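Remarks on the structure that follows.
The values are calculated or read from the model by the stated rules, or taken from the named source; none is laboratory data. Treat the numbers as computed from the prediction; the structure is a model and nothing was measured. Cβ: placed from backbone, ideal geometry, glycine included. Neighbour counts: every protein chain shown.
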Amino acid sequence: MNNAIRLYLDQVGNKAGKFKIKFKPYDDSTAAKGAWDDATCAKNAQDHVANTGEVAVMGTYNSGCAKIEVPVLNQDPDGPMLMVSHANTNPGLTKPWSPGEPDKFYPTGKRNYARVVTTDDFQGTADSTFVAKDLNKKNCYVLNDNQTYGQGVARAFVDNASKVGLNILGNQAWDAKQTNYTALFQRIKSKNPDCIFLGGIYDNNGGQLIKDKVKVLGDNTKVMMMGPDGFSGYTPLQKLPEGEGMYLSFAGLDTESLRKNGGGAGKFLDAYKAKYGADPSTSYALYAVAAVQVILEAISKSDGTRKSITDQVFGGGSGIDIPADKSVIGKEIKIDTKTGDTNNKDISILQLRSGKEAFVKAQPVE
């Protein structure tokens with residue numbers, strides 16, 4: 001994702017209107033945790049506010065981290081400071097979902113957060129519809145990683161299940177710190193599921209979870225397994241033998257589809273491959289650039305201050321609307337001036353085949 005951003009900034013001369021742009025990468029994970037970390041997210045948010053040269057944030061990747069950072073940026077005395085995410089899908093960041101959401105993330109009463117991907121109320125719904133209608137599964141057991149994102153997408157999957165004739169046998173959290181999950185799957189086996197849905201992120205010991213699912217329940221030809229976008233883009237999973245045949249969803253259009261669509265997406269992917277030797281390992285790379293496009297457009301229309309940049313997105317004016325012929329995803333990107341959500345509600349269904357995420361279909365969003 002960072003490589004894609006650097007390439008795009010080189011292509012536009014590291015400029016937005018009259019302003020020169022510098023990209024400063026941050027890491028919200030720790031080596032010890034192997035995933036995003038609450039304390040690191042909190043520190044990053046404070047650093048964004050304190051570093052006077054920074055004017056906007058592209059990110060975060062994980063919704064739970066965004067819920068920590070957004071309120072801090074919202075209360076920036078020189079802002080609010082704009083954040084545009086390429087990957088957050090939890091609905092509560094922009095619309096009512098859990099108690100107090102989304103208002104509790106905006107203590108000033110003014111929005112400062114936007115995103116260029118759709119939300120889990122659409123993704124979870126699309127996933128359970130695909131499982132029931134396309135795969136003709138009847139009895140599904142749901143596991144979630146007990147985090148903001150995982151609980152949200154699992155909830156949406158479960159909420160839609162009865163509408164499409166899918167029986168939910170259970171919805172429980174897996175403990176990311178467990179060394180194995182054979183006992184968990186032995187209990188699930190007694191319920192005779194024909195599908196398993198993993199609501200969460202691969203970072204939370206997803207590899208071991210998948211290995212033990214196959215060990216106890218069999219491969220994906222016996223008991224189908226599906227994960228949302230929190231399992232997409234991980235090379236270790238793509239190479240994992242037990243993952244073969246697993247279905248994934250992605251809250252957008254995958255790289256393969258974007259390349260076939262041509263336009264700005266195809267040209268950018270060709271340039272990326274020429275520079276780095278292969279396509280990005282995650283489809284979120286192009287959406288990272290799309291988020292940067294939104295930020296650069298806001299900067300170019302502003303006076304360069306944090307408040308003015310945020311006002312270009314939420315100030316009640318024309319807002320940000322990037323036409324299809326300039327968009328890196330080859331589709332118009334329009335940000336709702338009230339919520340910060342995007343007009344694009346694409347969900348891709350993928351399947352792990354021979355070490356790659358193969359496109360299956362674009363799942364309609366209802």
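Is it true that some residue in segment 262-269 is in contact (Cβ under 8 Å) with a residue 60 or more places away in the chain, surrounded by fewer than 21 Cβ atoms within 10 Å (Cβ to Cβ) and out of contact with any helix residue (DSSP H, G or I) (no Cβ under 6 Å at 6 or more places or on another chain)?
Within segment 262-269, one or more residues are in contact (Cβ under 8 Å) with a residue 60 or more places away in the chain, surrounded by fewer than 21 Cβ atoms within 10 Å (Cβ to Cβ) and out of contact with any helix residue (DSSP H, G or I) (no Cβ under 6 Å at 6 or more places or on another chain).
Okay, residues lined up against (1) without any contact (Cβ under 8 Å) to a residue 24 or more places away in the chain; (2) more than 19 Å from Gly64 (Cβ to Cβ):
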| site | (1), (2) |
| --- | --- |
| Ala4 | no, yes |
| Gln11 | no, yes |
| Ala16 | no, yes |
| Lys20 | yes, yes |
| Phe23 | yes, yes |
| Tyr26 | no, no |
| Lys33 | yes, no |
| Asp37 | yes, no |
| Ala42 | no, no |
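Please enumerate the residues belonging to segment 89-107 that are of a type in the set (Lys, Arg) and assigned to a loop (DSSP other than H, G, I, E, B).
Answer for segment 89-107, where residues must be of a type in the set (Lys, Arg) and assigned to a loop (DSSP other than H, G, I, E, B): just Lys95.
I'd like to check something: does segment 304-312 contain any residue that is more than 22 Å from Tyr234 (Cα to Cα), β-branched (Val, Ile, Thr), out of contact with any Cys (no Cβ under 6 Å at 6 or more places or on another chain) and not in a helix (DSSP H, G or I)?
Yes, that holds for at least one residue.
Considering segment 33-92 alone, what residues qualify as being buried (at least 19 other Cβ atoms within 10 Å of the Cβ) and hydroxyl-bearing (Ser, Thr, Tyr)?
Matches in segment 33-92: Thr60, Tyr61, Ser63, Ser85, Thr89.
Within segment 146-156, is there a residue that is under 23 Å from Thr282 (Cβ atoms), assigned to a loop (DSSP other than H, G, I, E, B) and not aromatic (Phe, Trp, Tyr)?
There is at least one residue in segment 146-156 that is under 23 Å from Thr282 (Cβ atoms), assigned to a loop (DSSP other than H, G, I, E, B) and not aromatic (Phe, Trp, Tyr).
In the list Lys222, Lys211, Lys191, which residue meets the criterion of being in a helix (DSSP H, G or I) and at negative phi?
Checking each option against the conditions leaves just Lys211.
From the list Ala114, Ala176, which residue is on the phi < 0 side of the Ramachandran plot, assigned by TED's automatic domain parsing to the domain that holds Ala298, outside any helix (DSSP H, G or I) and touching a helix residue (DSSP H, G or I) at 6+ places or on another chain (Cβ under 9 Å)?
Answer to the selection: Ala114.
Considering (1) under 20 Å from Lys137 (Cβ atoms); (2) of a type outside the set (Gly, Ala, Ser); (3) more than 15 Å from the chain's Cα centre (by Cα), say which one Phe231 fails and leave the rest.
The number of the failed condition is (3).
Looking for something of a type outside the set (Ser, Thr, Tyr), exposed (fewer than 14 other Cβ atoms within 10 Å of the Cβ) and in a helix (DSSP H, G or I) - is there at least one such residue anywhere in segment 22-32?
No, segment 22-32 has no match at all.
Within segment 347-366, which residues are crowded, with 16+ Cβ neighbours inside 10 Å and not in a loop (DSSP other than H, G, I, E, B)?
Residues satisfying the conditions are Ser348, Ile349, Leu350, Gln351, Leu352, Glu357, Phe359, Val360.
Let me spell it out: the conditions are (1) modelled with pLDDT under 95; (2) closer than 14 Å to Asp229 by Cβ, and Ser249 meets all of them except one. Which number is the exception?
Among (1) modelled with pLDDT under 95; (2) closer than 14 Å to Asp229 by Cβ, Ser249 violates only (1).
Looking only at segment 171-178, decide whether some residue is over 24 Å from the mean Cα position of the chain (by Cα) and surrounded by 14 or more Cβ atoms within 10 Å (Cβ to Cβ).
Yes, that holds for at least one residue.
Out of the residues in segment 331-346 that are polar (S, T, N, Q) and under 17 Å from Pro80 (Cα atoms), which is surrounded by the most Cβ atoms within 10 Å (Cβ to Cβ)?
Only one residue fits best here, namely Thr337.
Any idea which of Gly330, Gly317 is in a loop (DSSP other than H, G, I, E, B), farther than 30 Å from Glu256 by Cβ, at pLDDT below 95 and not aliphatic (A, V, I, L, M)?
Going through Gly330, Gly317 in turn, just one is in a loop (DSSP other than H, G, I, E, B), farther than 30 Å from Glu256 by Cβ, at pLDDT below 95 and not aliphatic (A, V, I, L, M): Gly317.
Residue pairs, Cβ under 6 Å, 6 or more apart or interchain, first in segment 298-327 and of a type in the set (Phe, Trp, Tyr), second surrounded by fewer than 21 Cβ atoms within 10 Å (Cβ to Cβ). List them.
Pairs that qualify, where the first residue is of a type in the set (Phe, Trp, Tyr) and the partner is surrounded by fewer than 21 Cβ atoms within 10 Å (Cβ to Cβ), are Phe314/Thr337.
What are the residues in segment 50-90 that are among the acidic types (Asp, Glu) and within 19 Å of Ala35 (Cα to Cα), if any?
Hit for segment 50-90 is Glu69, nothing else.
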